[in-house]
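Following: one structure in structure tokens, then a few remarks.
The values are calculated or read from the model by the stated rules, or taken from the named source; none is laboratory data. On a predicted model such as this, the values are computed, not experimentally measured, just so you know. FYI the Cβ positions are ideal-geometry reconstructions off the backbone, even for glycines, and counts take in every protein chain you see.
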Amino acid sequence: MKFAFMIERTLVILKPSALQRGLVGEVTHRFERKGLRLAGMKMMQLTDHLLDEHYAHLINKPFFQRVKDSMMAAPVIACCIEGVDAVQTVRTLAGPTNGRLAAPGTIRGDYSMSVQENIIHTSDSPENAAVELTRFFKPEEMFAYKQVAFDYLYATDEY
């Protein structure tokens, strides 16, 4: 029986709070330890224009300016993370948006006490991940390669 699992790519943004608190290595290490693959990574300063596009669904919310101010307080680290069911796996590792409600052992549960200063942004669906990745990465900034450990991460019928 062949399963229909698919290698996915998803966007993770390590927010200014992660950078300022020295958590970049810890957070990326958790994804790598799980077996997800880093396919792209870069530091960047977010702009008003990029945030207006990225958070367009929040533009009329009273807290929108607070979100923008927080995301521009320092540079961010944009990551392209890859693996089978990467979108859901990353979201599970991240925990709920509100760090106070996130379970211990999740990234937000271990490192966040806030809804806004919650360490990372993660794509919420494969469709949004595709859109978000093109917003933050040029094609040549994402890399395809096989991990040496790949054959030990998945059964042969899982990819």
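Structure notes:
- Filter pass, LEU50 being more than 23 Å from TYR152 (Cα to Cα) and under 17 Å from the mean Cα position of the chain (by Cα): yes
- Residue count for the stretch 27-59, restricted to those that are within 23 Å of ASP110 (Cβ to Cβ), part of a helix (DSSP H, G or I) and touching a residue at least 24 places away in the same chain (Cβ under 8 Å): 5
- Residue in the stretch 6-16 that is in a loop (DSSP other than H, G, I, E, B), in contact with a strand residue (DSSP E or B) (Cβ under 8 Å, 6 or more places away or on another chain) and either of a type in the set (Ser, Thr, Tyr) or exposed (fewer than 15 other Cβ atoms within 10 Å of the Cβ) (or both) present: yes
- The stretch 17-47, residues that are polar (S, T, N, Q) and either surrounded by 15 or more Cβ atoms within 10 Å (Cβ to Cβ) or in contact with an Asp or Glu (Cβ under 8 Å, 6 or more places away or on another chain) (or both): SER17, THR28
- Here ALA78 clears all of (1) more than 21 Å from LYS138 (Cα to Cα); (2) surrounded by 14 or more Cβ atoms within 10 Å (Cβ to Cβ); (3) small (Gly, Ala, Ser) except the condition numbered (1).
- Scan of the stretch 85-129 for residues that are surrounded by fewer than 16 Cβ atoms within 10 Å (Cβ to Cβ), modelled with pLDDT of 95 or more and of a type in the set (A, V, I, L, M, F, W, C), ordered by number: LEU101, ALA103, MET113
- Residues that are under 12 Å from the mean Cα position of the chain (by Cα), of a type in the set (D, E, K, R) and not in a helix (DSSP H, G or I), drawn from the stretch 103-150: ASP124
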